[in-house]
Structure formats: C-alpha cells, structure tokens
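**Student:** I have a structure here, written as structure tokens, and I will follow up with some questions on it.
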Amino acid sequence: MATINFSANGYNGEVLEDFLVYTAQGNETYEEGLIHIVPGIQKKKTLPHIQLGAIIQDNKPTPTSTQGGPGLNGENTYNISERYLEPQDFMVYIEFNPRDFEEYWKPFQPEGKLVFRELDPKVQATMAHLLLDKKDAYIGQSIWCSRKGGINAAYVSDDAENITLGGSCDAGPMKYFDGAVMRVINNVQAALAANPTDDEKNEVASGKIIVAGNTPLSTGAQIQAALYAMWRKAPKRVRKSRKYRFVMPEEMWDVLDSYWSDKDVKYADDTEENKKRFKGKRISTINDLPENTIFLGKFTSGEDSCLWMGVDYATDQDSLVVAPLQNNSELYFFQMRMKVDVNFALPGEIVVWTTYHKNILALSATTASVAQGANTTVTVSASTGQCSVASSQAKLTASINEGTITIAAAADCPTGTHTVTVTDSTGDTATIEVTVS
C-alpha cells in the first residue's frame, strides 16, 4: 500500500525492485484481507453511525406532530453515534557501524579508500528487510493485542499462558493504541455500565459486540461447539453475506482440523487439510490472534469491513530513512516514524469468543449498619489482586482478611453515616456507606 523513501542512498535496478516488492504491507492481518486501512489521518477520523428507530404506526386521516415526533422508545428517531480512529505516534530507530560486520560479511568489504567507502545498497536492502519484517510482525500482533498505556492488571485472560494485553512482543511494547481485543472489552464494559459516561453511551450507541462465550477451548469438540454458539448468536441480517467469516488462531485451527480428521466420517483424508469453512463461512487463521479468542464478522480490506486501521500518511507504514548519521561519522541509521490506531466500524455485527475480560471490584453490599461497640462484615465478591480499606471516621475501623471486610464501631463512635473505601491493586475503588447507631 505504500512506497519507500530512501535518503542519500544508491538504490537502483534489481535491488530497488526487490525491496519494493518485499515492503508491500506484510502483516498477516492485512495479507488475509481482514482489515481496512485508512491513510492520511493526521489527528482523528470519525466513523459515523446512524440508525432509525421504529416508524410504523396506526393510520390517521390527518397525522399531527404527535404521530411524527419521537416516541418514548426511540420511535421516529435517527440515532447518530460516532467512533474514532486517532493514530498514535511511535518509531523505529537503529544506529549501527557497517565496519562491525566487515569480518563476517563480504558485502561489507568494498574496494577503495576507507574514507570514501559507502554502504553497499544490497547490504542496506538486506538489513532493511530484517527491520521491516520485525516491524510487520509488531503491527500484526498489535492490531489484536495492543492496549493504550501498556499493561493494566485489571485486563486479564482466564488462560494464564495467553499474551498480556499491552505487553511486549519480540519487536517492542504494544502500548500505543487499543487493539481489537481491547476494543471488545471496552465495548462490553460500556454496555454493562450502571451509570454510563457520555463516551460509554456513544460506544454502545454504535452497536454492542456479542460475546458468545468466555471459557478456554482446549479440544476440537470445544472449539466446534464454540463455533456453533457463535453462529447461533450472529445477527441473521448479516449471516448471508459472503464476506462474513471466522477468524481464529492458527494453533486452534490445528486442534479443530485434527478433531475433524479423526472422525469416522471424515471431511478430508489424513493426507489433506480440512476445508477452512464452517456453516459455509470461511475460517481465516492467523498467528497474531491470542489463543482462546475467535471473531466472527465482516472482515475485509474494503470500507465494508468491521475492522479498520488508521495511519497518518499512505507511506508512513513503510517510509524508511537509511542514511549516514553525519558527514564525519562511520555510523549509519535506520528510522521509521509511524502513527496507527485500530477500531471497529460496526460492532453490532461482531460475535466474539474470548477469555479476556476486565476484573471488576465488586462487594456483597454497598451499605451496612452497625451499633456502637459492635462490628459487621462485608465480602469482596470480585477484585483484581489485593485490596486495602480505609475509613472516613477514626472511631470506625475497617480491616480485610481473605476477602472479608470487618467494620468495627468503637463505643464512642459518632452516630450517623460514614464511608469505608475499598481499593484493589489496579486502583479501582468501591465504597460502603456505614450507618452507626
């Protein structure tokens, strides 16, 4: 999708042609046609979504504004919501001295006086191949597993071996934008919010992602059952689309493929791989998707795709500068500057099975009563890591042991309502309003 900009280099002929072919977008997600890429986003791109409520009603000889106006349940109302692509900055920068390789690599041994030697274009291409391959692997994995801000202990997978959202891959930290799995969690949390913020209301207004299941899938039978569950949950209006497809990790497909091949009535003989299809829909397999996570949606490279990626310029993904560090130096450098973001365009058409979720701090009760000189208990029913407690009243003490909060009022504790605050290791808080009598 992009061209390469070279600075102060002698690329020509076969070397340049080889390089340009190689550096066409190389991550798996793009190669499989699963994502639509939007170039030219310097700050923000809005993905508008509009939906019309119910419009059919009883016939009236002379309709009035009462019949034409909005109803209590969204009738006659155009609901407009927005989703955004806001590419975030990051870069690749490497300095190296070609002379460090002279002993090992013949192309680093050009003829001529040392001060006039230049780095062989073929050597530049070879080293840049490695850099771009690493970059492609990073983008491919970040599309699914990145989390803006990096690791947060609240976002976990029930599979302990799964990659941590916002963690590091071989190429670096995946912390610059929210990837697809994180977008799923954000959407689910917004839908569950008891008192949603404006951002959460907007997130849900454009559609709620359908979560078909959240348990680990270790056998072929379990994976097949998960596919059935996802298919049954899929909106019927999009099931017939030829672009609707499943996306799963390569390792999960291997388990499912073996399961199908081991059946008495086989879909393929043992020397052939089974067709990557289920209910007539294509199954795309990629290594970048974390285990125990399956998507079902309209994944394409066109504007009708449910998964979009925004970049700054059409060339920023592969705009690579290769140049001497300075005129009086032997050092060279590689540099790339990138801006990337990922989001869903139509979340209401997406079905997901994933073990990833956000741990929520929850208590068995948010109010309690206790008499002076007595105590009471409240249980932490869900949390992330260890919890601490604090009381707003010195004469009302609170302590926690193995998830049980003990609240004790001294004999001279002032009567009335006081607050006990519970905080877990992620910084999430919950309060207990304690009435002392």
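**Student:** If Ile400 meets every condition in (1) without any contact (Cβ under 8 Å) to a residue 24 or more places away in the chain; (2) hydrophobic (A, V, I, L, M, F, W, C); (3) under 30 Å from Phe295 (Cβ atoms) apart from one, which number is that one?
**Tutor:** (3)
**Student:** Select from segment 146-175 the residues that are under 18 Å from Gln189 (Cβ atoms) and either among the acidic types (Asp, Glu) or not in a loop (DSSP other than H, G, I, E, B) (or both) and list them in ascending order.
**Tutor:** Tyr155, Val156, Ser157, Asp158
**Student:** Of everything in segment 391-418, what is surrounded by 14 or more Cβ atoms within 10 Å (Cβ to Cβ) and among the β-branched types (Val, Ile, Thr)? Give them in sequence order.
**Tutor:** Within segment 391-418, Thr397, Ile400, Ile405, Thr406, Ile407 qualify.
**Student:** For Glu272, only one of the following conditions fails: (1) assigned to a loop (DSSP other than H, G, I, E, B); (2) surrounded by 13 or more Cβ atoms within 10 Å (Cβ to Cβ); (3) of a type outside the set (A, V, I, L, M, F, W, C). What is its number?
**Tutor:** If we test Glu272 against (1) assigned to a loop (DSSP other than H, G, I, E, B); (2) surrounded by 13 or more Cβ atoms within 10 Å (Cβ to Cβ); (3) of a type outside the set (A, V, I, L, M, F, W, C), just (2) comes out false.
**Student:** If you don't mind, there's one more thing I want to ask. Which condition number in (1) in contact with a Ser or Thr (Cβ under 9 Å, 6 or more places away or on another chain); (2) touching a residue at least 24 places away in the same chain (Cβ under 8 Å); (3) at negative phi is the one that Ser218 fails?
**Tutor:** (1) is the only condition that Ser218 fails.
Quick note: the coordinates plus some simple rules give every number you see, no bench work behind them. Just so it is clear, the model here is predicted, and its values are computed rather than measured. Cβ: placed from backbone, ideal geometry, glycine included. Neighbour counts: every protein chain shown.
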